[in-house]
Structure formats: structure tokens, C-alpha cells
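The values are calculated or read from the model by the stated rules, or taken from the named source; none is laboratory data. Everything numeric here is computed off the predicted structure, so don't read it as measured data. Cβ coordinates were reconstructed from backbone atoms using ideal geometry, including for glycine residues, and neighbour counts include every protein chain displayed. The accessibility values were calculated without ligands, DNA or RNA, using every heavy atom of the protein model including side chains. Shrake-Rupley method; radii C 1.70, N 1.55, O 1.52, S 1.80 Å.
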Amino acid sequence: MSEPTLKKRALRLRDAKPIVEIRNVTKRWGSFLAVDDISLDIAEGEFFAMLGPSGCGKTTLLRMVSGFETPSEGEVRIGGEDMTWVPPNKRPVNMVFQSYAVFPHMTVRKNVAYGLEVDRVPAAEIKTRVDEALALVQLSQFADRKPDQLSGGQRQRVALARALVKKPRVLLLDEPLSALDAKLRDAMRLELVKLQQQIGVTFIMVTHDQDEAMAVADRIAVLHKGRIRQVASPETLYQRPADAFVADFIGRTNFFEPKSVRRAGAGATVETAETAALAFDRVPEGDITLSLRPEKVRIGPEAKGDVTLQARLGDVAFQGENSVVELHLPSGRAILAFVAGDAAATVGAMEEGSAIPVAWNASDMLPLARG
Amino acid sequence: MSAGPFQYARKTSMRTMFLLATIFLYAPIIVLIVFSFNDSRRGGNIVWRGFTTDYYVKAWNNASLIEAFANSITIAVISTIFATVLGAMTAVLLWRWRFPAKPVYEGLVALPIVIPEICMGVSLAVFFASTGLSIPPEAPWPLNLGNIIVAHITFSFPFAAMVIRTRLQSFPPEMAEAARDLGATEWRVFWDILIPHMVPGLIAGALLAFTLSLDDFVITFFTSGPNTVTFPVKVYSMLRFSVTPEINAASTVLILMTLVMTFIAIRLQKPTEMAQ
């Protein structure tokens, strides 16, 4: 997908009316707050991801959309209708389970047909729709196999076809790729995106893997301890994280602890152990920290920027297209830097502990509220 | 091989123990089977007088023995059907729902397994005699077996329930959720998803109930009448009059039947463990 079509898609999605509306939803298990007053709109045709560490409430939220859990408070609307108390078998949504939950005693065809059979769809229509669904996930030649004769990836496709054959308004995916091995996972990511664009159904995916969410989603909700930290496009999450938790969870980052913060209006002058006083236009309320992405750190003799330091080289991890370099700053703090190309070769040739100039721009440091 | 988990199997003392245990366990059965082919008039005769299959023919031609055998099979088939259905329902109830005093109920269901058979036999005999709920012995066959069938269901369904519940433990809850998600009602989930998963447990439970019923003596003895003699009861009565190799032959057939069924039950349980 080229840049302009991406923009167009983002604009179209912004204008689309919401298909799923989560209104002030809270879920309690005894005294434990699994989901804490979350409101969220998911647009029609959107690929939406809910991202967070385990126990953040993302799966509970998904299960409230599917109907397997009911909120303690709040409302879940699907397609403009209140579905809060509607049982899962009467909701216009379908789910792909983490374990796939493919029925072991049925063939692939029977698995896919099951949802239509319980709806009493005429046999002839079932056949054409099942054939279509199997073709969509490229499983036509496996139609008569039993699940135990399929690989993990194929079983996942059965689960996908089984859910999609019902023509749901929303497809829910609970950690759909976590049970696959790394290579297959990357391939399936691309396939999921293609599939979603092809059929135009809203996808809501739950994952703890930030790479996965970034690779597939139009928008991502980052959850932590039952609350939403930020809802934004992958680019925005990475470049303008709402707080230190999001910055830390999405990609890698270096944090600098302020020694002093002198506020002036919305901005402030912040001084850290490593940097002299730097002025920022916008600084959030309360306790803050400064975040600097590793790729913004320039190293080597030609490195230039608002902040320049002499560092000592630590570990260098070669990772193909770039290298991850550990740098020990004079203050004793270690930071990470990504270097590519010639700089990577230079660094690779240097010995551990040798002195190396390091620089970055003050504008690349983001003052963030501590999570 | 150096140190391994079964290294003690190489020790002579352990081997002797194993050998002795095997002899004590199986020598009587092997003797029983061997002497069912002994060409001797008396079954108690331990002198080998040559090979014959006459006593199998004799047993086959013994009308009252065959009648007892038919009774036993009829009782076993009918009580197995009821015990399996009842056991399955109990297993699903205990597995699926939480209700007040559930541990008490669980204990009550398991109790017939530990209650001495003699007590159950007496209690059932007293129950049938005192409540008048008993079916008269002159009722037409197979209705006259009713008392025994009820007694057999009573003691065998807890065993079936145990086996089926073990199978249910391995049911992945997402399977039911997936079916619900695809539009199935709770009732359809039960029939389309849960029952097929239970099948190996149902078969194993049924086979267990069948073998338990087939060879039960004590409880049957207390609940049977003169017209409702079962195979084990008949063998016992034959033993009191005359000991002939006919009994050996009949018992060998019973051993074989039980063995085959136990083997099938084990085979049906195994693949499910591997699937986990």
C-alpha cells in the first residue's frame, strides 16, 4: 500500500460511523477491576487492535463485545443497537479464538458450515457460502480433512473461515497469531491485513505483541490496568506517545530522569543529570520523564545535535539491517542507540569501552507524564 | 545403561518380588483355564487326564446355565444403558454447575463405590421387600429381572459417572464458546460439541458398568429369586452340588469376555490422553 492510499484510508475511517461503541464500561471480578470505565468507538471497516501487557483487561473487553462477559457497568452497542445483555449466539459478531477451538470431530467443511447450520440456512446456500469461505482462506483442497491432519496455520484459517462465513459485522480476534511460529506469524500478519481490506469487515484484534499490532492495525488502543492509555494510529503512538508507559511499551526508548523542572505556562525548562537545561513548549502536568528513541541518537565523530556527550561503547548487538548499541554516558546511565550502514560498520570495528562522541537534538526528547 | 528411573528392576530381590506377585495373582486363573480342558469327570481333580473341549460343549448344552447366562447379559445390557445415561447426567452436573452443598452431593454419588457390597445387597433386599416396590418373580421375562436391574444400576452408575467426569475434565471451554459464538444455543452446544467430546468416556463408562454388572455376585444374590438366576449365581450353585470342569469352561468364557471389554475400554481411553 502506498502512502496516499494509506492517507485516504485513514480519512475514510475517520468519517465512517462507529460500528462498535463501548460506553463507560467497567468490569469487576469481586474487588478486582479488570476494565475500569472505558469508552471507545470503533469505526466500520477499521482494523482495530487492543494492545497491552497480560492482565490489562484487553481480553475481558473483547469478551464483552463478543457477549461472553457482561459489563458490571456501562453499555456495549454494536451497529447502533444496545447489545449489552444480548447472548453471544445472537450478536452480529464472530470470534477467532486464541486456541482456534476448531471442532476436532468435524471435517474442515463441517466446521465452516456449523454456524450456518445452526442458523438453518438452506443446504444449497450453505454449500456455496462454505466453498467461498474456504477459497478465501485458501483451504479448498483441505475441505474433507479432519483438524488433526492440519498444521497450526491451517487450523487458524479454518477458524477464520468459520467465523467469516457467517458474514459478521465485526470479526474479533483473540491473540490470533500467538500460537504460530515466528516465520508463519509474519506471513499471517500480512494475510490478515490483505483479507481485511478484501472483505472490508471491521476487525478487532487483541494482542500483547506491539510489533503485531503496529503491523496490522489502523488504530491501536494501548491498555494498562484496565484503563486506556492512548488510542491512536501506529505512527502517532510511536512518535507522540501519550505518556511514559506508552513510549516504553511501543518500541524501545531511553528515559532521562529530570533533576529540576521549572514550569512556565504550558512549557518548562528541564534539566537532567546528562543534559543541561532544555526548554520545552509543552510539558504535561505532574511527574515527568524525558523519552528519547534509540534511532534519534547519533554516534561517531561527525555526530551533531543540541546535546553532545562523550560516551563509552558497551555491547553491540548486530541485527542485520541495523545494530543495537549500548552507550555508557558520563553520568553512569546506559542508553540504547540504533545505528545503520557505515556507522554500524565503524561501531562494529571498535572495541568495547572505547570513547565515542554521542549527540541528539533536544526536539527529539519528549517530556512525558510518568505512567 | 547407567542410572535410569527403572534401575531397581535389575535387582534380583525386586525381580523375585515381581515374580511372586505375578504367580499369586494369576496362578489360580491359569489353573482354572487349563483345567477347563482337562478330560476328567471331577473339576476338583488336579490330575491331568488329557485334552478335551467336551466341557465347553457340555456347558453350551446345559439349558439352565445358558438361561442364567442370557439373564446376565440382559441385565447387563439394560442396566448399562441406564447407568451410562444416569452417569453422564451426573458427570455433566458435577462438572458444569456450582450449587449449594455440591461436595455433599459428590460424596453421596461416590458412596456406592466404597460401601461394602454386602451392605448394599442387604439394603436393596430389605428395600424391595419392605416398600413393595419390588417386581413379583412370576412376572414374564425379562420384567422379572427388574429388581436386579435396578440394583445393578444403583451400584454401577457412580463408576460410569467417575469415568465420564474424568473425560469432561479435558473439555476445552473455548470449544463450547466457539459454538455459542457461531450461533448455537446451549442445547445445541451440548449435543453437537459436548456429547461428541464425551464419547470415549461414555464408551469406557458403559463397558465398566457392563463388566461390573456381568460378574456381580453379592448384590445380585440378595435381589434375585429362584426364577431369576444369573450366571455368577448359577456357577456358585453348581459348585455346591458337583464340581465339574464345566464350571471351569463357563468361567473361562466369562474371563475372556471381561478381558476383551476391559481391553477395549483401555484402548478407547488412551488416544484421548495423547491428544491432550
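So, in Å, what gap is there between the alpha-carbon centers of the stretch B:40-110 and the stretch A:270-337? Taking the Cα centre of the stretch A:270-337 as reference, the centre of the stretch B:40-110 is 80 Å away. Looking at the stretch A:288-371, the GluC sites (Glu not before Pro) that sit in a DSSP loop and have at most 12 other Cβ atoms within 10 Å of their own Cβ are A:E302, A:E321, A:E351, A:E352. About its Cα centre, the dipole of the protein assembly as shown is roughly 1160 debye, where the only charges are +1 on Lys and Arg Cβ and -1 on Asp and Glu Cβ. Rounded to the nearest 10 degrees, the inclination of helix A:108-117 to the longest alpha-carbon principal axis of chain A is 70 degrees. Taken over the alpha carbons of chain A as equal point scatterers, the Debye sum produces base-10 log I(q)/I(0) values at 0.07, 0.15 Å⁻¹ of -0.40, -1.27. Considering only B:A21, B:A125, B:A59, the Gaussian network model of chain B with Cα springs below 10 Å gives its largest mean-square fluctuation to B:A21.
A 1.4 Å probe over all protein chains sorts A:F203, B:F210 by accessible area into B:F210, A:F203, starting with the largest. With everything on Cα atoms, drop me the angle between helix A:3-15 and the longest principal axis of chain A, reported from 0 to 90° to the nearest 10. It works out to around 60 degrees. With N counted as the residues of the stretch A:186-302, its alpha-carbon radius of gyration over 2.2 N^0.38 Å works out to 1.33. Using heavy atoms of the protein chains and a probe of 1.4 Å, the accessible area assigned to A:D82 is about 80 Å². For B:W60 and B:W141, what is the calculated FRET efficiency with R₀ set at 22 Å and r taken between the beta-carbons, to the nearest 0.05? E between B:W60 and B:W141, to the nearest 0.05, is 0.60. Placing unit charges on the Cβ atoms only, positive for Lys and Arg and negative for Asp and Glu, gives the stretch A:239-363 a dipole magnitude near 360 debye about its Cα centre. Extending 7 Å from the Cα toward the beta-carbon at both B:I266 and A:E321 defines two label points whose distance is 5.9 nm.
FRET efficiency for the pair A:E75 and A:D131, taken as 1/(1 + (r/R0)^6) with r the Cβ-Cβ distance and R0 = 41 Å, rounds to 0.60. When the alpha carbon gyration tensor of the protein assembly as shown is reduced to an equivalent ellipsoid, its three semi-axes come out at 72, 32, 24 angstrom, largest first. Towards the positive end of the charge dipole of chain A, with charges on Cβ (+1 Lys, Arg; -1 Asp, Glu), say which of A:A213, A:P284, A:A303 has the farthest Cα. The residue sitting farthest along the positive end of the dipole is A:A213. With equal scatterers on the alpha carbons only and no solvent term, can you work out the Debye log10 of I(q)/I(0) for chain B at 0.11 1/Å? The computed values of log10 I(q)/I(0) come out as -0.83. The trypsin sites (Lys or Arg not before Pro) of the stretch A:119-171 that meet both conditions, a loop assignment by DSSP and at most 11 other Cβ atoms within 10 Å of the site Cβ, are A:R120.
The alpha-carbon atoms of the stretch A:143-243 define a convex hull whose volume equals 123 cubic angstrom per residue.
Here's the picture: charge each Lys and Arg Cβ at +1 and each Asp and Glu Cβ at -1 in the stretch B:178-276, and of B:T185, B:A206, B:V253 the one pushed furthest to the positive end of that dipole is B:V253.
Helix B:231-241 and the longest principal axis of the C-alpha atoms of chain B enclose an angle of approximately 20°.
Which distance in Å, rounded to a whole number, links the C-alpha centroids of the stretch A:117-159 and the stretch A:1-71? The stretch A:117-159 and the stretch A:1-71 have Cα centres spaced 28 Å from each other.
Considering only A:L329, A:S363, B:T80, and ranking their Cα positions along the charge dipole of the protein assembly as shown that arises from unit charges at the beta-carbon of Lys, Arg, Asp and Glu, the one farthest toward the positive end is B:T80.
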